[in-house]
Amino acid sequence: MKIECETIGVVHSPFQQAEGTPIQPARAAGSVGTVELDARYVDGLADLAGFSHIILLTYLHRAKPFSLKVVPYLDTVPRGLFATRAPSRPNPIGLSIVRLLGIAGNVLTVEGLDLLDGTPLLDIKPYFGEFDQPGDVRCGWLEAVREHEVVADNRFAVAGSEESHSSK
Ligand SMILES: C[S@@+](CC[C@H](N)C(=O)[O-])C[C@H]1O[C@@H](n2cnc3c(N)ncnc32)[C@H](O)[C@@H]1O
C-alpha cells in the first residue's frame, strides 16, 4: 500500500552534516533549534505550552538507502535494522523526544535536537510520561554496550544538502 503524506513544517537545527550530529536527544543537551510549523496549523498548538517535552515525527530526508543489518552507532557488530534507531530505513521516519522551551506563533523552540537542519516535519505530539514510559523496560543489545558514542558519523546520511529520498 502506498501512503501519501504532506509535511507540516520544517526543523531548523545547528547541524548541516550527519557527522557531529548528536545520535539521540538524550545525548543532545544544549542542542537548541526551532520547529517551524506551517502557519495554517498554528491553532493546533493551543494547550501544548504546558508540556515539558514533545515528540517530533520527522522524515529523515537525507538518509542513505537502508540495509537490513546495520552496525549502530552504539555498537560494533551488525544488528537487525528494526532493533536499532538507524535513520536509514524503508520509511526513514525519525522519532525525537525534545524539550519544549517555548512557543511563539508558529515557531517552537526546542532543546535536544538530533536532526539535520531542514528536516521535514510530519507530526508533533505531547510526551506523556504516564503513557510513554513503560515500567519494565529491557534494552536488548544496548544493555551490553558500555561506551556510548554521542555524535554520528556519515554512515547513514548523504553529504551536503542533497536529498536521498524524494519528499515530493
Ligand atoms: C540515530 S538517528 C535517531 C533519530 C531519532 N531520534 C529516532 O530515533 O528516530 C539520529 C541521526 O540521524 C541523522 N539524521 C538526522 N537528521 C537526518 C535527516 N534529515 N536525514 C538523514 N539523517 C539524519 C544524524 O546523523 C543523527 O545523528
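Just so it is clear, none of the values below were taken in a lab; they were calculated from the coordinates. These numbers were taken from a predicted model, which means no experiment stands behind them. Note that each Cβ is placed from the backbone with ideal geometry, even for glycine, and that neighbours are counted across all protein chains shown.
Summed over the range 108-132, the residues that are away from the ligand (no atom under 16 Å from the Cβ) and in a loop (DSSP other than H, G, I, E, B) give a count of 1. Note on the range 45-84: residues that are farther than 27 Å from VAL32 by Cβ, away from the ligand (no atom under 13 Å from the Cβ) and surrounded by 15 or more Cβ atoms within 10 Å (Cβ to Cβ) total 0. A Cβ distance below 6 Å, combined with a sequence gap of six or more or placement on separate chains, defines the contacts here; from the range 79-104, residues that are under 25 Å from GLU163 (Cβ atoms) and in a helix (DSSP H, G or I) reach residues that are away from the ligand (no atom under 12 Å from the Cβ) and not acidic (Asp, Glu) in the pairs LEU81/LEU68.
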